[in-house]
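The structure under discussion appears below in the form of structure tokens.
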Amino acid sequence: MSTPIDRQPLRHVVIGAGMAGILAGIKLKEAGKTFVIYEKSDRLGGTWRDNRYPGLTCDVPAHAYTYSFEPYAEWEAYYARGEEVRTYFELTAAKHGIMPDIQFDREVVSCIWREADACWALGLSTGEMVEADIVIAASGVLHHPRMPDIAGLDSFAGHVFHSARWQDDASIDGARVGVVGNGSTGVQIITALQDRAETLVHFQRSPQWIMPVPYFRYSEEEREAFRRDPALIDAIRYDEEYWSNIHRFTRAITEVDGPDIAMIEALCLDNLENSVRDPELKEKLRPDYRAACKRLIYSWRYYDAVQEPNVVVEREGISHMEPSGVRLKDGRLQPLDTLVLATGFQADRFIRPTEVLGRAGVSLDDVWSPRPTAYYAVTIPRFPNFFMLNGPTGPVGNFSLIDIAERQWDYVAQLLQPLWDGRSRTVEPSIAAHEAYEARRVAAARTTIFGSGCSSWYLDATGVPASWPWSYEAFAEAMTAPVWNDYVLNPVAEPALPA
Ligand code: NA7
């Protein structure tokens, strides 16, 4: 039993002012806690700040991609443009009064547990050192671009850049544009540039499953109705069909021979069959692995776009880059003015490259070799008072990560309670509990659709799906209350811990 905590109020640090960090800030403010949010950039928004490519769209229905406590009447359409989403986060942060709590241009470069003081020592990119009793890592998932290993990229005479580092001065309108990559990003860019570029080449290493989805704009009258009556927004957000689709989706992931994945595959194949006229193009676009193995693409216009005469779907592999364009493995040249690399992100980085050292100097980098992991995606043994939002092994898929983060916050807030009450100095999961969780998770993950034999950012370095392998309901249930027996507290007085 340790001595009582002499520091009140406790100092909370949130790392990152993206969707999850803003959420944590709002919740801490509501709870009356002392906190600072450190943001490495000069603007909030996380992935919605970094990504500015033409066609950027959130593929979760806009009214479902909001905080539950902050419905938004202003969405222009069923799916929101990236810029709208960024604006939503800016307005929400301002409305909840957390802008003064965000310190911009301060990257947390190190985070070291100091046993003697039971606190974290954080080093910032500015050279400052600060202390925190509690750290909430909300540093995002898809933020380190993954550059392809294409030889001769530097020799290209035109503009070449990653999709998350859009260059506004690149030639697009009336130009010859290439896009490497066929994930959600590549598909959105191709769709948006089709009527701007003179020619557009979509370099696809693997064809994609494309789920047809409805798209419609909200009229000013509808927005006015949303403003007057938020129940109309709730009706969309909590729409039964929308949620039953999400539950179907997670069943499809976990029951690889079940009827739900069969239905998803049938919907996508019908889409291909009915939308693409040219038999040769149809075969080029036909996936040869299971649907939802890679993240399913939601699009209402991609197949239309690639059938326009100025678009080429290029399935031949890339040999190398030359000053005038892309040389293919069969010897042909695709001449280009601009090449966009929509080649995804290093999805296993999370808070890294920040150096995080826990008890006895244990390094997060070592703990996360070969795979990043966290107990129920939130906490890590030997890293006391350290909590992750949208951390490793959380649910990923075609649903709102805001909903995931909110549920995780509800769980985190319960773990924080003994610290806030002064009943414990620290909280962390036991090593045994975490090992049991991870063993169960890995075994289940191997049997999910993500592990059915394709490459994707869902897989860890050993080829095992890195995500939550059970149903959405199971995740929601797990987040309702911590299993306290799996947690180690360091009581400061007679233990009066939650049952
Ligand atoms: P993704 O989904 O990781 O897609 C990356 C794409 O880039 C994918 O089609 C890859 O082909 C392709 N790729 C990667 N490296 C290469 C090389 N070297 N040559 C050719 N093609 C390559 O990234 P996105 O940005 O589209 O989407 C990320 C997430 O952001 C998305 O899931 C949403 O959650 C939002 P592959 O399939 O590996 O053959």
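The values are calculated or read from the model by the stated rules, or taken from the named source; none is laboratory data. Since we're looking at a predicted model, the values are computed, not measured. As a convention, Cβ positions derive from the backbone with ideal geometry for all residues, glycine included, and neighbour counts pool all protein chains shown. All accessible areas refer to the heavy atoms of the entire protein, side chains included, with ligands and DNA or RNA removed. Shrake-Rupley method; radii C 1.70, N 1.55, O 1.52, S 1.80 Å.
For the reader, a short list of remarks on this structure follows.
- Single condition Ala291 does not satisfy, out of (1) hydrophobic (A, V, I, L, M, F, W, C); (2) closer than 17 Å to Gln208 by Cβ; (3) part of a strand (DSSP E or B): (3)
- Considering residues of segment 176-231 that are assigned to a strand (DSSP E or B) and within 9 Å of the ligand (Cβ to nearest atom) only, the residue surrounded by the most Cβ atoms within 10 Å (Cβ to Cβ): Phe203
- Condition check for Tyr303: within 13 Å of the ligand (Cβ to nearest atom) and either open to solvent by 50 Å² or more (accessible area, probe 1.4 Å) or more than 30 Å from Ala132 (Cβ to Cβ) (or both): no
- Residue in segment 355-368 that is closer than 25 Å to Arg295 by Cβ, at pLDDT 95 or above and more than 16 Å from the ligand (Cβ to nearest atom) present: yes
- For segment 371-405, a residue qualifies if it is over 19 Å from the mean Cα position of the chain (by Cα) and either open to solvent by less than 10 Å² (accessible area, probe 1.4 Å) or at negative phi (or both), and the qualifying residues are Ile380, Pro381, Phe383, Pro384, Asn385, Phe386.
- When Leu328, Leu339, Leu333 are checked against the criterion of being touching a Gly at 6+ places or on another chain (Cβ under 6 Å), more than 15 Å from Arg146 (Cβ to Cβ) and within 15 Å of the ligand (Cβ to nearest atom), Leu339 stands alone in meeting it.
Here is a yes/no grid of residues against (1) open to solvent by 50 Å² or more (accessible area, probe 1.4 Å); (2) under 19 Å from Arg295 (Cβ atoms); (3) within 17 Å of the chain's Cα centre (by Cα):
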{"site": "Val60", "(1), (2), (3)": "no, yes, yes"}
{"site": "Tyr65", "(1), (2), (3)": "no, yes, yes"}
{"site": "Phe69", "(1), (2), (3)": "yes, no, no"}
{"site": "Ala73", "(1), (2), (3)": "no, no, no"}
{"site": "Ala80", "(1), (2), (3)": "no, yes, yes"}
{"site": "Val85", "(1), (2), (3)": "no, yes, yes"}
{"site": "Thr92", "(1), (2), (3)": "no, no, no"}
{"site": "Lys95", "(1), (2), (3)": "yes, no, no"}
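- Strands (runs of 3 or more DSSP E) fully within segment 48-144 counting 1 or more residues that are touching a helix residue (DSSP H, G or I) at 6+ places or on another chain (Cβ under 9 Å) and away from the ligand (no atom under 16 Å from the Cβ): 108-114, 129-132, 134-137
- Residue within segment 406-421 that is of a type in the set (Lys, Arg), open to solvent by 20 Å² or more (accessible area, probe 1.4 Å) and out of contact with any Gly (no Cβ under 7 Å at 6 or more places or on another chain) present: yes
- Within segment 306-317, the set of residues being open to solvent by less than 30 Å² (accessible area, probe 1.4 Å) and in a strand (DSSP E or B) comprises Val311, Val313, Glu314.
- Flag if Arg425 is charged (D, E, K, R), in the same structural domain as Asp50 (by TED's automatic domain parsing) and touching a strand residue (DSSP E or B) at 6+ places or on another chain (Cβ under 6 Å): yes
- Flag for Asp169 being among the acidic types (Asp, Glu), more than 15 Å from the ligand (Cβ to nearest atom), farther than 11 Å from Leu339 by Cα and not in a loop (DSSP other than H, G, I, E, B): no
- Boolean, Val256 is among the hydrophobic types (A, V, I, L, M, F, W, C), in contact with a helix residue (DSSP H, G or I) (Cβ under 9 Å, 6 or more places away or on another chain), within 30 Å of Pro61 (Cβ to Cβ) and in a loop (DSSP other than H, G, I, E, B): yes
- Only listed residue being within 24 Å of the chain's Cα centre (by Cα) and assigned by TED's automatic domain parsing to the domain that holds Met263, chosen from Val179, Val201, Val135, Val160: Val179
- Matching residues, segment 447-475, being open to solvent by less than 20 Å² (accessible area, probe 1.4 Å), more than 15 Å from the ligand (Cβ to nearest atom) and either touching a strand residue (DSSP E or B) at 6+ places or on another chain (Cβ under 9 Å) or of a type outside the set (Ser, Thr, Tyr) (or both): Thr448, Val464, Pro469, Phe475
- Qualifying residue in segment 20-35 (condition: open to solvent by 10 Å² or more (accessible area, probe 1.4 Å), away from the ligand (no atom under 16 Å from the Cβ) and touching a Gly at 6+ places or on another chain (Cβ under 8 Å)): yes
- Of the helices (runs of 4 or more DSSP H) lying entirely inside segment 401-499, those containing at least 3 residues that are polar (S, T, N, Q) are 401-420.
- Any hit, segment 318-328, residues being within 30 Å of the chain's Cα centre (by Cα) and either open to solvent by less than 50 Å² (accessible area, probe 1.4 Å) or assigned by TED's automatic domain parsing to the domain that holds Ala474 (or both): yes
- For segment 355-370, filtering for residues that are part of a loop (DSSP other than H, G, I, E, B) and surrounded by fewer than 20 Cβ atoms within 10 Å (Cβ to Cβ) leaves 3.
- Residue satisfying all of: in segment 345-354; within 16 Å of the ligand (Cβ to nearest atom) and either among the hydrophobic types (A, V, I, L, M, F, W, C) or open to solvent by less than 20 Å² (accessible area, probe 1.4 Å) (or both); nearest to Arg196 (Cα to Cα) among these: Phe345
- Residue in segment 236-247 that is open to solvent by 60 Å² or more (accessible area, probe 1.4 Å), among the polar types (S, T, N, Q) and more than 16 Å from the ligand (Cβ to nearest atom) present: yes
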